[in-house]
């Protein structure tokens, strides 16, 4: 298969994430307007909407991944963006009275779309790189690059689109989904091993994969890091930055993007943040193989805490003390750079494990959706509670707690793998000595 054949899929992923990033900003601003015209919308309810989405994705991703293994992934690559198109097209018709049930139903539809798309995409990429480990690392890094780069473009587009078009901005998102469908239609087939085993056999194999020691120990770390995505890349952040709330006057970032031009400024700030994250992934795409993956993942936790310190400093710098931004923003940049290594290293790790389960590659790569969905469900749900209680500081507190969980899991995994490596080395030395003794006797 030509290396260029994966390009349409990556372009489609870029457009898909652009639509998702724009939807995050547009949805947050839409909920602010809805709250002002009579709809009862709070931080808790914003978090609840995200929980509905990720709960749907979490519960259906394994099933969709298994169906992709049995029926072929191309069907899901095409159907999934069509459901996303339907979801964004219905948002502008949200009723102003009791909107929660209507919006929750649309979030279920979006969750089904994501549950189809992510396992199919990652399964395709794992098939595509099955016989080239270096290409796999690079392809997974580019997948994360187009993901974060698409989100970066999306958050910029979302703010401008909302200021320019208002509710009609959802029509722009629908147009992006149409382009995604076109990209998936021209994506060629990848060689896929298909086995139509019964559901019971597949369930036993799936449970056996989950009990793999390295994977089992890695799950808490991945879920915790995915929860950070739920905290910082959901509608919660635009909501609290754009909605002036009482009782948080000591926090500089609360409501800092409210008022005229706020959506524009919000898009620029969030876009710069995610775009820098994407540039960091470009670096890791070419230098990832030079550093052990577990070292990269441990370093990413240090980056999380550097970001916490920097954001806390920015939030409490005090009125008129903007000079401190020259300290906190570079520290934030260093933290983002360090934590950006986690996602491509984790994806390559999961793809390597899938080589022992090629028949169930979609099911196994669907674990990405499970970890991401469960993590973001936790991040959004707890993020709404923490933000409601402590404002912007609450998001920082929650990030620090999740960082502790991830660090503990990675340290246990590192110790276990290091022990396995030492035992393997000792075994190799014993075999070499035995071969030398046999050779001497002969």
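No lab work stands behind these numbers, since they all come straight from the coordinates. Quick caveat, the model's predicted, so the values are computed rather than measured. Please note: Cβ atoms are built from the backbone with ideal geometry, for glycine as well, and neighbour counts cover all protein chains shown.
Here are some notes:
- Here the alpha carbons of the stretch 69-137 define both size measures, Rg and Dmax, at 16.6, 55 Å.
- Rounded, prolate or oblate (a/c below 1.5 giving rounded, otherwise prolate when a/b exceeds b/c) for the stretch 107-163 by Cα gyration tensor: oblate
- Rel. contact order, % - alpha carbon contacts under 8 angstrom, at least six apart, the stretch 285-335: 45 percent
- Shape call, the stretch 2-75: gyration tensor on alpha carbons, a/c limit 1.5: oblate
- Two-site label geometry, residue 416 and residue 211: point separation in nm, points 7 Å out along Cα→Cβ: 1.4 nm
- Computed lengthening from residue 182 to residue 325, 0.36 nm per intervening residue step minus Cα-Cα distance: 47.1 nm
- Our summary of shape: the Cα atoms of the stretch 1-160 have principal axis extents of 57, 34, 23 Å, ordered from largest down, in whole angstrom.
- Ranked packing of 67-74, 22-29, most packed first, by mean Cβ within 10 Å: 22-29, 67-74
- The stretch 78-92-the stretch 381-396 distance, computed between alpha-carbon centres (Å): 30 Å
- Counting 0.36 nm for each residue step from residue 63 to residue 94 and taking away their Cα separation leaves a gain of 8.2 nm.
- The stretch 123-193 shape via C-alpha gyration tensor axes, a/c threshold 1.5: oblate
- Computed Rg/Rh of the stretch 226-312, alpha carbon atoms with Kirkwood Rh: 1.06
- Percentage relative contact order, the stretch 25-137, counting C-alpha pairs under 8 Å, at least six apart: 35 percent
- Packing-based ranking, highest mean first, of 227-234, 296-303, 152-159 given that Cβ atoms within 10 Å are counted: 152-159, 227-234, 296-303
- Protection proxy ranking, peptides 393-399, 102-108, average beta carbon neighbours within 10 Å, highest first: 393-399, 102-108
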